[in-house]
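Contents: one structure, followed by commentary.
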Amino acid sequence: MTRLLSITLFLALTSRAVLADDPGWNREAAAKALDARAQAWFDYSEADLGTGETKTTCVSCHTLVPYALARPALRKALGESNPPAQQSRLLSNSRLRAKHWNDLADAKFGLIYDSPEQKRKESLGTEAVFHAAILAFQDRAEGRTNPSDETRAAFTNLWSRQHTEGPLKGAWDWLNFGLEPWESKHAPYFGASLAAVALATVPGDSIANDESAREPIARLKSFLKERLPDQNLYNQAWALWASAALKGTLSESEQKGIIERLLARQEADGGWRLATLGNYVRSDGSEQRKGSDAYATGLVLHALHVAGVPKSDPRIAKGLAWLKQNQTPAGGWIAESVNQKRDPETHVGKFMSDAATAFAVLALTD
C-alpha cells in the first residue's frame, strides 16, 4: 500500500512538472518550421547575391529578418546548445557583407538592386538597417557585454547611409515596390523603427555613447517622433517597440496613445488583423483576409509587452491564447498578403506566414 501511494505521488508530481513546463504551444515544431522556411529562402536562386566564395543571399524582410529576431529567443526557450545551420548561415551572410560594405557594388558581392540609381540607394539603406539588427540581436543572444567587431562595422555602415537633411532626415532610403507593409512609400518609418530597436538591443553602451553616433541617434529619434502623427497603426506598433526599447524617443503620452489605439483594434477572437492596421487595398481587387492573423497579433502583442503592458492584462492573455490555439500542425502560423490574393501553397504565398511564425514566437517567448 505504501509503495502504491509513493508511485501515485511520484506520478502526480511528475505530471505537475510537465504541465509547469508546458507552454501551451509546440516550440519544437515552431523551430522546425522557422528553420525550414529559412532554408527554403536560402535555396531560392532568385535571392542569390554575388558569386563564388562571396556569394550570399538577399536578407528578405518577410523571411530572414523576422527569423533573425525570433530564432534566438526560441533557441533559448528550447535550451539548444548550438544555433541551427540556417541561423549560422544568416550570421555569416551579414558579417561578410558588413565587413565588405564598401565593396558591395562589385559583382562578386552584388547589391539587391544595382540599377537604376534610386534602387541602388534603396538597397544600401535597407541592407544597412537589416545587418545592424541581425548582428545586434545575435550579440545579445550570445550574452556579450560589448558588440562584436562585425556589429560595430554594421553600425558604422548604418550611420553612413542615414539621411542628414531633407524629408528622410534621420531615416534611410528604403526599397519601394508598392508592396505593404515592408516595401512601400510608408516603409522608411518601419526601417527607422527597426534601426532604433537594433541600437537598443546591441549589448553595452559603446555604440550608443560613441561621440560620432550622437548626432545620428538624435536625428533618428527626431524622425520617429516628428513623423509619428502621419503613420498608420502598423508603423505605430513598430514605433511603440522602438520607443520602449530606445528611451527618449516618444513621450509617455505618445506611447500611451499608441497602446490605446492598438488595443481598440483587437478582434473579438482575441487577435489582431493586419488589414485593419493600415489602409491596404489589394491590387487584384480581392477582399482582405477576414479575422485575425498571426503576424499582426504577434507584432502587436510583442510591442505591447515591451511597452510594459503585462501578460496578466485580460486583453493580452486573450491574444496569447489566440496564438496558442492557431498554431498549425506543421508548427507555424498563418498570415496573408495585403497586396493580393496568393496561393498559400507556393513559395511566395508563404512569405507572410514566415513573418507570422516568427512574430508569434516572439510574443509567446516574451
Subject >> Pairwise label distance in nanometres, Glu345 with Asn82, each label 7 Å out on the Cα-Cβ vector >> reply: 3.7
Original post:
Residue-wise, which Karplus ³J(HN,Hα) couplings in Hz belong to the stretch 350-355, taking 6.51 cos²θ - 1.76 cosθ + 1.60, θ = phi - 60°, and x for glycine or proline?
Top reply: 9, 4, 5, 6, 4, 5
Original post:
Taking all pairs of different Cα atoms in the stretch 298-366, averaging 1/r and flipping that mean, what Kirkwood radius in angstroms comes out?
Top reply: 12.7
**OP:** Using θ = phi - 60° and the Karplus relation 6.51 cos²θ - 1.76 cosθ + 1.60, list the HN-Hα couplings for the stretch 112-122 in order, rounded to whole Hz, with x at every Gly or Pro.
**Re:** 4, 9, 10, 7, x, 4, 4, 5, 5, 4, 4
Original post:
For the chain, what is the mean residue ellipticity at 222 nm derived from helices alone (per DSSP H run of n ≥ 4: -39500 (n - 2.57); sum divided by total residues; nearest 500 deg cm²/dmol)?
Top reply: -17500 deg cm²/dmol
Original post:
How far, in nm, would the chain grow between Lys256 and Glu287 when pulled straight, counting 0.36 nm per residue and subtracting the alpha carbon separation?
Top reply: 8.0 nm
Original post:
If you line up the long axis of helix 187-201 against the longest principal axis of the chain, both from Cα atoms, how many degrees apart are they, to the nearest 10?
Top reply: 70
Original post:
Taking the highest mean first, how do the peptides 117-130, 351-364 order by number of other beta carbon atoms within 10 angstrom per residue?
Top reply: 351-364, 117-130
Subject >> Among Gly248, Leu104, Ile134 - extreme Cα towards positive end, dipole of the chain, charges at beta-carbon >> reply: Gly248
**OP:** Hey, can you grab everything whose amide H is under 5 Å from the amide H of Leu49? Only 5+ residues off in sequence or another chain; H modelled, so Pro and N-termini drop out.
**Re:** Thr56, Thr57, Cys58
Original post:
So, in nm, how far is label Asp149 from label Asn102 when the simple model puts each one 7 Å beyond its Cα toward the Cβ?
Top reply: 1.6
**OP:** Taking the chain as the reference, fit the longest principal axis to its C-alpha atoms, fit the long axis of helix 149-161 to the helix C-alpha atoms, and give the angle between the two in degrees, 0 to 90, nearest 10.
**Re:** 50
Subject >> Under 5 Å, built H, 5+ apart or other chain: amide partners of Leu179 >> reply: Ser184
Original post:
How large is ³J(HN,Hα), in whole Hz, for each residue of the stretch 172-182 in order, when computed from phi with the Karplus curve 6.51 cos²θ - 1.76 cosθ + 1.60 and θ = phi - 60°, using x for Gly and Pro?
Top reply: 10, 4, 9, 4, 10, 10, x, 10, 8, x, 9
Original post:
Roughly how many nanometres apart are two label points built 7 Å out from the Cα toward the Cβ at Asp210 and Glu165?
Top reply: 2.4
**OP:** Name all residues of the stretch 153-196 having a backbone nitrogen under 11 Å from the label point set 7 Å from the Cα of Glu226 along its Cα→Cβ direction, giving them as ranges.
**Re:** 164-171
Subject >> Viscosity 1.002 mPa s, 20 °C: Kirkwood-radius Stokes-Einstein D of the stretch 273-336 over Cα pairs, µm²/s >> reply: 165
Subject >> Mean separation of Cα contacts under 8 Å (6+ apart) over length of the chain, as relative contact order % >> reply: 17
Subject >> Intensity falloff of the chain expressed as log10 I(q)/I(0), Debye formula with alpha-carbon point scatterers, at q = 0.06, 0.13 Å⁻¹ >> reply: -0.22, -1.04
Subject >> Under 5 Å, built H, 5+ apart or other chain: amide partners of Asp293 >> reply: Trp272, Arg273, Leu274
**OP:** May I ask for the angle, rounded to the nearest 10°, between helix 233-245 and the longest principal axis of the chain, with both axes built from Cα atoms and the value confined to 0 to 90°?
**Re:** 80
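Values in this text are rule-based calculations from the coordinates and carry no lab data. Source: prediction; values computed, not measured. No Cβ is skipped: glycine too gets one built from the backbone with ideal geometry, and neighbour counts run over all protein chains shown.
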